[in-house]
Amino acid sequence: LFLFLENMNMRGDVSGYRCACNPDCTLKMFSGIDLYNDMCRNICAFSTGYEAMDRMLKGGIYSSELTELVGPVGSGKTQFCLTFIANLVKQTGGRVLFIDTTGGFSGVRLAEILLSRTSSSEMQVYFQLHRFFCFLCIYDLIAACFQIIHELLSKVVVEFAVSHDDLNRILEGVEQNAEGILTKLKVIVVDHVGTILSPTVFGEGEMGMLCKCSGIQKTMKTCLRLRNFAKDFNLAVLVVNSAVELDDGEIRPMLGQWWAAMPDTRLLFRTLDFNFYSVTLIKSCKLSIGEAVSFSCGLEGVKCPESSQ
């Protein structure tokens with residue numbers, strides 16, 4: 001290209017050529033106000049269902065972002081996901097795609113959280129809207145309760161993936177049926193991303209290092225696809241990942257250094273005591289890192305630890 005431009009310059013035609021190709025070759029320019037207005041129109045924050053965490057995250061989990069929940073086993077990551085899902089479908093009526101790779105998803109547990117977060121007044125309002133008269137007996141209250149929970153649970157689509165290929169197949173299916181699936185889809189949750197990506201990244205196979213490099217490349221394509229889902233369809237994408245502890249006590253997310261730059265926001269979960277956990281913001285492009293909150297788990301999911309005493 002440079003030799004071509006040099007030849008054009010010698011003939012005196014380079015300025016005309018530049019004018020002709022400039023609209024196609026230059027990047028589209030954006031001002032700060034353009035980016036701000038685009039953010040206000042398209043990006044929203046979904047409440048986590050726990051007020052202290054919403055304050056730390058300045059509103060909750062943001063759409064158009066890839067958020068990683070990282071921590072050791074049993075540190076409350078899946079319970080946080082279920083609480084977040086329950087609060088989202090209850091408050092917004094949106095749909096959730098939950099990709100389960102470990103068998104950790106429990107519809108019974110999600111129903112328990114929804115039931116604990118549904119008040120009797122909400123049940124009565126629902127019953128009056130659908131039956132047009134007040135409760136006749138306690139059985140009507142129970143019927144309304146089960147109907148509410150059933151409708152909310154129907155908004156959560158669960159897919160099971162046991163391999164990297166399964167995950168890609170699910171994501172490709174979402175892309176091919178974007179108009180139908182993404183109509184009211186708000187969140188995609190992958191629990192647990194390290195379980196299915198680590199064999200692809202660290203498995204050497206017969207080709208040794210060549211196979212490992214190919215695995216990293218394949219895994220990066222999958223991660224970029226998740227990021228593109230968040231950006232292109234204005235979704236909040238949550239991925240759950242394990243953590244490894246180094247000799248100096250530092251905790252790092254699984255999948256190595258190449259993964260470190262993938263998420264927009266990273267939350268570190270730790271176990272402090274029995275049914276007592278902490279979550280720390282350790283990576284964010286717009287929030288101050290280092291802030292932490294504590295929580296416990298109860299019937300209603302993630303909650304303030306003082307309320308469990």
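The values are calculated or read from the model by the stated rules, or taken from the named source; none is laboratory data. Given the structure is predicted, the values throughout are model-derived calculations rather than measurements. Virtual Cβ from ideal backbone geometry, glycine too; neighbours counted across all protein chains shown.
List of remarks:
- The residue that is modelled with the lowest pLDDT, among those in the stretch 64-88 that are among the hydroxyl-bearing types (Ser, Thr, Tyr) and in contact with a helix residue (DSSP H, G or I) (Cβ under 7 Å, 6 or more places away or on another chain), is SER64.
- The residue list LEU255, LEU224 contains one member that is aliphatic (A, V, I, L, M), within 19 Å of the chain's Cα centre (by Cα), over 30 Å from LYS90 (Cβ atoms) and surrounded by fewer than 13 Cβ atoms within 10 Å (Cβ to Cβ), which is LEU224.
- Residue in the stretch 122-137 that is closer than 28 Å to LEU97 by Cβ and modelled with pLDDT of 65 or more present: yes
- Residues in the stretch 255-281 that are touching a strand residue (DSSP E or B) at 6+ places or on another chain (Cβ under 8 Å), in a strand (DSSP E or B) and free of Cβ contacts under 8 Å to residues at least 60 places away in the same chain: LEU272, PHE276, SER278, THR280.
- Total residues in the stretch 228-250 satisfying the condition of being modelled with pLDDT of 80 or more and either surrounded by fewer than 17 Cβ atoms within 10 Å (Cβ to Cβ) or among the polar types (S, T, N, Q) (or both): the figure is 7.
- Cβ separations smaller than 9 Å between residues 6+ apart or across chains give the following pairs from the stretch 34-58 residues that are of a type in the set (Asp, Glu) to residues that are assigned to a loop (DSSP other than H, G, I, E, B): ASP38/PHE30; GLU51/CYS304; ASP54/SER47; ASP54/THR48; ASP54/GLY60.
- Count of the stretch 171-191 residues which are in a helix (DSSP H, G or I) and surrounded by fewer than 17 Cβ atoms within 10 Å (Cβ to Cβ): 8
- Scanning the stretch 89-111 for residues that are crowded, with 18+ Cβ neighbours inside 10 Å and either at pLDDT below 90 or among the acidic types (Asp, Glu) (or both) returns a single hit, ASP100.
- Here SER296 does not qualify as among the polar types (S, T, N, Q), surrounded by 15 or more Cβ atoms within 10 Å (Cβ to Cβ) and within 30 Å of ILE170 (Cβ to Cβ).
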